[in-house]
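Here's the structure, in structure tokens; my notes come after.
The values are calculated or read from the model by the stated rules, or taken from the named source; none is laboratory data. A quick note: this is a predicted structure, and the numbers were derived from the prediction, not measured. As a convention, Cβ positions derive from the backbone with ideal geometry for all residues, glycine included, and neighbour counts pool all protein chains shown.
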Amino acid sequence: MDKIIDGRKLALLRQQKLEEEIKTLSKTPKVVSFLIGEDAPSVLYTNIKQKKAEEIGINFEAIRLPVETEFEEVAKKINELNDDSSVDGIMVQLPMPEEFLKGKEEHDLLELIDGEKDVDGLTSKGKFLSATVRSVISILEDEGISVSGKKVVVVGASDLVGKPVAGELKKMGADVVICDSKTTRLQGETLEAQILISATGVPGLIKGDMVKEGVIVIDVGAEKVDGKVVGDVDFESVASKSSRITPVPGGVGPMTVISLMENVVEAAKIAG
């Protein structure tokens, strides 16, 4: 078995299942995504999601708005979409521009989304795991990696990824330790991990001398350095000691996109 986990291959297998599932539905699933401003990564991510949705057979409507758009205008549109039975999912591309927020918080807008249409899994009342969290769990499941009774170290304690991933793994029977910027002996913790999940956005944080032989590594990080996309993990030094490892790019990323589409299809099924 190749130690490098091919996220693109796993995502394609899930996509094929999703395409068949959509054929059995009584309607075409529809998601509406708000893109405010022209932030280059946000534009790219929106285009990637739209392309994937169209490939699968999901109706993806991208509402692209200038940063000058009033907060209340978007809030009103979200409330209208909450009441629109033809819409199964509502998303707002993050980060939202400061010029748009004008002192408000992102969650002030996100919390307006109906929990059953929160396919990004970003609201307190959402019914779905965030796409990133779902992708991590799906990779472990698809690769036949059992976490029950295993020592899992999650590096990164964000509310969007680290904490919810840790919560899901605990439900699955894992012995989970969460590390954050206040952790004083990070290397001591990571060296004990049988499964290591890093989601910090700090390029090359995890080095080969921080992991033990045979570790399974899931790298959620994706930052651009000198024109290349790299992860939290120093791939070469860590891969030489790991038994399984996700690359960046080509690991968690493709699975995150397909996980979002799975959420949309599930939302459509719930709506009936």
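Quick notes
- Among the residues of region 206-235, those that are at pLDDT 95 or above and among the charged types (D, E, K, R) comprise Lys207, Asp209, Lys212, Glu213, Asp219, Asp232, Asp234.
- Qualifying residue in region 87-105 (condition: more than 20 Å from Asp159 (Cβ to Cβ) and aliphatic (A, V, I, L, M)): yes
- Tabulated pairs, region 128-149, first within 16 Å of Leu13 (Cβ to Cβ), second surrounded by fewer than 22 Cβ atoms within 10 Å (Cβ to Cβ), C-beta under 6 angstrom, 6+ apart or interchain: Ile137/Glu168; Asp142/Leu10
- Lone qualifier among Asp39, Asp6 - being over 19 Å from Thr132 (Cα atoms) and either touching a helix residue (DSSP H, G or I) at 6+ places or on another chain (Cβ under 8 Å) or outside the structural domain of Asp142 (by TED's automatic domain parsing) (or both): Asp39
- If you check Ser146, Ser158, Ser135 for being hydroxyl-bearing (Ser, Thr, Tyr), crowded, with 20+ Cβ neighbours inside 10 Å and not assigned by TED's automatic domain parsing to the domain that holds Leu81, only one passes: Ser135.
- Of the residues Val248, Val233, Val154, the single one that is within 30 Å of Lys125 (Cα to Cα) and among the β-branched types (Val, Ile, Thr) is Val154.
- Some residue of region 59-79 being in contact with a helix residue (DSSP H, G or I) (Cβ under 6 Å, 6 or more places away or on another chain), under 18 Å from Ser259 (Cα atoms) and at pLDDT 95 or above: yes
- Annotation: of all residues in region 130-143 being among the aliphatic types (A, V, I, L, M) and within 9 Å of the chain's Cα centre (by Cα), the one that is farthest from Ala166 (Cα to Cα) is Ala131.
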